[in-house]
Amino acid sequence: MTPRTFTKCLVATCCLLLVACGCVVTSVRGLWPLQYKPSCDIQPILTIPMPDHVETLAACPRDETYAVDGRSKDGDKWPDDTKEFFRLQRGAVRYDFWLHFDESAAIKNYQRDKHSRHVYRETSHDGRSICVYYTEQERADGEGGFEPMGIYHARASFRLRNAYVYVETTEGQSKSETLNLAVRDLAQMLTVALEATNQRAR
């Protein structure tokens, strides 16, 4: 093989690699969901009277309980210094509640979710960290040509002292008041739960 022929083969190989890489990048981008600005009023959470340390969220409603007093149903120790973990589904809204033994564990849980999603706005005040994420529209898989689907997820997460709550809505439209209503309901649930805890402590 002459040097000139070798050079031509090398250039052709590089071009093929670039095209292949470009296809891969395009395919990966095709998997990314479309994003929209969310509608989320966090004020109800900011006005909840919060103790310095949350002892329990036992008075909150739930559909499924995964951890109590740091243990699973099977008696195994739950990881990440989790004291309580339970879930509530109300129509299009899912609530995940974590209560940690200490505030640093709740912060880690909050940060983990924050870094795995696209943040629209974050607010921190008086032992509370609130993160609202971009509303995401799902795409079909490769067989569906990565076309946008009529499924939208609006999400927000709340770190309140040593408690952490993640909220997600699933709907058929990008603009909705569902997340606003979900946050309002969450504030009411937490207020009732904390008041019940205070009454038992008296």
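The values are calculated or read from the model by the stated rules, or taken from the named source; none is laboratory data. If you're wondering where the values come from, they're calculated on a predicted model, not measured in any experiment. Note: ideal-geometry Cβ built from the backbone for every residue, glycine included; neighbour counts use all protein chains shown.
Observations on the model:
- Residue in segment 53-74 that is in the same structural domain as residue 168 (by TED's automatic domain parsing) and in contact with a Gly (Cβ under 9 Å, 6 or more places away or on another chain) present: no
- Residue within segment 83-100 that is in a loop (DSSP other than H, G, I, E, B) and farther than 22 Å from residue 178 by Cβ present: no
- Matching residues in segment 54-90 - criterion: being among the hydroxyl-bearing types (Ser, Thr, Tyr) and more than 20 Å from residue 198 (Cβ to Cβ): 65, 66, 72, 82
- Residue match in segment 157-178 (condition: assigned to a helix (DSSP H, G or I) and in contact (Cβ under 8 Å) with a residue 12 or more places away in the chain): yes
- Unique residue being closer than 27 Å to residue 33 by Cβ, surrounded by 18 or more Cβ atoms within 10 Å (Cβ to Cβ), in the same structural domain as residue 194 (by TED's automatic domain parsing) and among the aromatic types (Phe, Trp, Tyr) when the list is 86, 97: 97
- Residue within segment 174-181 that is more than 18 Å from residue 46 (Cβ to Cβ), surrounded by 15 or more Cβ atoms within 10 Å (Cβ to Cβ), out of contact with any Cys (no Cβ under 7 Å at 6 or more places or on another chain) and modelled with pLDDT of 95 or more present: yes
- Candidate set from segment 126-156 (those that are at pLDDT below 90 and in a strand (DSSP E or B)); member that is surrounded by the fewest Cβ atoms within 10 Å (Cβ to Cβ): 150
- Identity of the residue in segment 32-76, among the β-branched types (Val, Ile, Thr) and in a strand (DSSP E or B), that ends up surrounded by the fewest Cβ atoms within 10 Å (Cβ to Cβ): 65
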